[in-house]
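For reference, the structure is listed below as structure tokens.
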Amino acid sequence: MRLTKFSQVMIVSMLGLATLSAQAQSTGVMAKVNGVAIPQSRLELMVKASVAQGQQDGPELRKALRENLIAEEIIAQEAIKKKLDKDPEVIAQLEIARQQVLIRAFQANYIKNNVVSDETLRKEYEVLKVQMGDKEYKARHILVESESAARDIIASLKKGGNFAKIAEEKSIDEGSKENGGELNWSPPAAYVRPFSEALVKLPKGGLTEQPVQTSFGWHVIQLMDTRPMEVPPFEEVKQNIQQRVLQREFATVVQDLRSKAKVE
């Protein structure tokens, strides 16, 4: 289990949009259902989304998407006939969906108009290198819900208990318990602070004398080994760093908007 990651979840996942073969493809009417026109632009939007997910644009894909859109229009019309569009819960869901589309559009517009310079990215890269340090650590841990349970495990281990077996039986970390509590090779900064601070103080083979509390629970940590840290080259991590910078800057924009908003 990686407790934290340098690269957080992206602000918004941008679609890699395919270039249309002709401008006429995005105009006109794709089909009419009971007299209601389905615009060609709706089909093109679905095609772009499918291509971004790895599908190949072509007649078969377009035919399948066309049929889906027609079926959806038929169902939507039936829902309106039953006056489901007047249902308060449905109205609320439609408002939420509209808001989400606007939020994604605002995020995309921000990213488009705020290109991060290479100079800024390289400065961020150097900061990350310092934060990551020059070592990677191979650790294992047992995560439990209470301090008393962690203390009991430490006592058991000091008496010769099998770390891997106890981890498999008692750890609540589903990501590592099946591997005897082992975690991937990682720099200290990859973990939440209390965990990393305890980890770097341990000698090889050392076990934490006291339970370590984090937001995940209580940890019993053992350092298995260390090795020199191999920092990936700038070009290899450039995109992740860009996402990191954009995320931080966008959060500042949102906070500024929040501070100016009149909330009653």
Long-range neighbours under 6 Å by Cβ, at least six apart or interchain, first residue in contact (Cβ under 8 Å) with a residue 40 or more places away in the chain and in the same structural domain as Ser156 (by TED's automatic domain parsing) within the range 189-209, second buried (at least 16 other Cβ atoms within 10 Å of the Cβ) and among the small types (Gly, Ala, Ser): Leu199/Ala139; Thr208/Ala198
Cβ pairs under 8 Å, 6+ apart, first in the range 55-72 and at pLDDT 95 or above, second of a type in the set (Val, Ile, Thr) and outside any helix (DSSP H, G or I): Leu69/Ile38; Ile70/Val33; Ile70/Ile38
Residue match in the range 42-58 (condition: within 29 Å of the chain's Cα centre (by Cα), aliphatic (A, V, I, L, M), surrounded by fewer than 15 Cβ atoms within 10 Å (Cβ to Cβ) and not in a helix (DSSP H, G or I)): no
Residue within the range 238-246 that is among the charged types (D, E, K, R), exposed (fewer than 11 other Cβ atoms within 10 Å of the Cβ) and not assigned by TED's automatic domain parsing to the domain that holds Asp152 present: no
Of all residues making up the range 129-148, the number that are surrounded by fewer than 17 Cβ atoms within 10 Å (Cβ to Cβ) and either closer than 30 Å to Gln239 by Cα or in contact with a Lys or Arg (Cβ under 8 Å, 6 or more places away or on another chain) (or both): 7
Val231, sole failed condition from (1) assigned to a helix (DSSP H, G or I); (2) at pLDDT below 95: (1)
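The values are calculated or read from the model by the stated rules, or taken from the named source; none is laboratory data. Given the structure is predicted, the values throughout are model-derived calculations rather than measurements. FYI the Cβ positions are ideal-geometry reconstructions off the backbone, even for glycines, and counts take in every protein chain you see.
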